[in-house]
1. How much mean residue ellipticity at 222 nm does the chain get from its helices, if each DSSP H run of length 4 or more adds -39500 (n - 2.57) and you divide by all residues, to the nearest 500 deg cm²/dmol?
2. Give me the dipole magnitude in Debye, nearest 20, for the chain about the Cα centre, with unit charges on the beta carbon: positive for Lys and Arg, negative for Asp and Glu.
3. What is the helix-to-structure angle for 118-129, meaning the angle in degrees between its Cα long axis and the longest Cα principal axis of the chain, kept from 0 to 90 and rounded to the nearest 10?
4. Sort the chain into rounded, prolate or oblate with this rule: let a ≥ b ≥ c be the square roots of the eigenvalues of the Cα gyration tensor; rounded if a/c is under 1.5, and if a/c is not under 1.5, prolate when a/b is larger than b/c, oblate otherwise.
5. Grab the Cα-Cα distance for Thr123 and Asn81, subtract it from 0.36 nm times how many residues apart they are, and report the gain in nm with one decimal.
6. Name the residue from Gln34, Gly56, Gly72 whose Cα lies farthest towards the positive end of the charge dipole of region 3-76, charges +1 on Cβ of Lys and Arg and -1 on Cβ of Asp and Glu.
7. Give me the extension gain from Glu41 to Met28: residue separation times 0.36 nm, minus the current Cα-Cα distance, reported in nm with one decimal.
8. Amide H neighbours of Leu65 under 5 Å, at least 5 residues apart or on other chains, H built in the peptide plane: list them.
Amino acid sequence: MTNLEKLKELCSNLTILYVEDEMIIKEMMVQYLQKFFLKVETASDGREGLEKFQKGSYDIVISDLSMPRMSGALMLKEIQNIKKNQLVLVTSAYTLDDPIFDLSALNIFGYINKPFDLQQLNTELYNAVSNFK
C-alpha cells in the first residue's frame, strides 16, 4: 500500500498534463490529482494534448489511449519525439496486450486500468514520481 503523505510530498513541486476525452472521468481524476500535484492541466484529446505539451512544460503526462481527433498513442509518439525521456503513464479500459494498441515503440513508464482503482493509481504515481527525487 502506498504512503499517501509520502506521495503528496514527492508530487508537491511537479506538474502534470492529463489527457482524457470522457468529461466525467477527467473531472474526477483532476480532483484527485490536484490533491498531490502542484499543477494539473488537462486536454480533451490527443491533438489538444500535443498542443499544450508544445507550449508548456510537464513532469508527467497521463493519457487515455482511445480518443477522437488524435489517439493517445499517436500523441505520445509525437511527445516523445519532442522530449525523448518524457515520463508517461497511460490509461485505458483495454489491456496493454490488446492488439488494438501498438505501444512497443513508446517508452511507457506505467499503465493504469480503467475503471480506476485508486490503489493501483497511487502505486503507479508513486513509482513515477520516485524518479524525480
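1. Working: 5 runs with 52 residues, N = 133.
For the chain, the value works out to -11500 deg cm²/dmol.
2. On the way: 14 positive and 18 negative charges, 105 e Å.
My answer is approximately 500 debye.
3. 90 degrees
4. Working: a/c = 1.43, a/b = 1.29, b/c = 1.11.
Since a/c stays below 1.5, the shape of the chain is classed as rounded.
5. Working: separation 42, 0.36 × 42 = 15.12 nm, distance 2.71 nm.
Full-extension gain reported as 12.4 nm.
6. Gly56
7. Working: separation 13, 0.36 × 13 = 4.68 nm, distance 1.33 nm.
Residue separation times 0.36 nm, minus the Cα-Cα distance, leaves 3.3 nm.
8. Thr91
Every read-out reported here was derived from the displayed coordinates using simple, explicitly stated rules and does not represent laboratory data. Values in this document were obtained by computation on a predicted structure and should not be read as measured data. Every residue, glycine among them, receives a Cβ derived from its backbone with ideal geometry; neighbour counts consider all protein chains shown.
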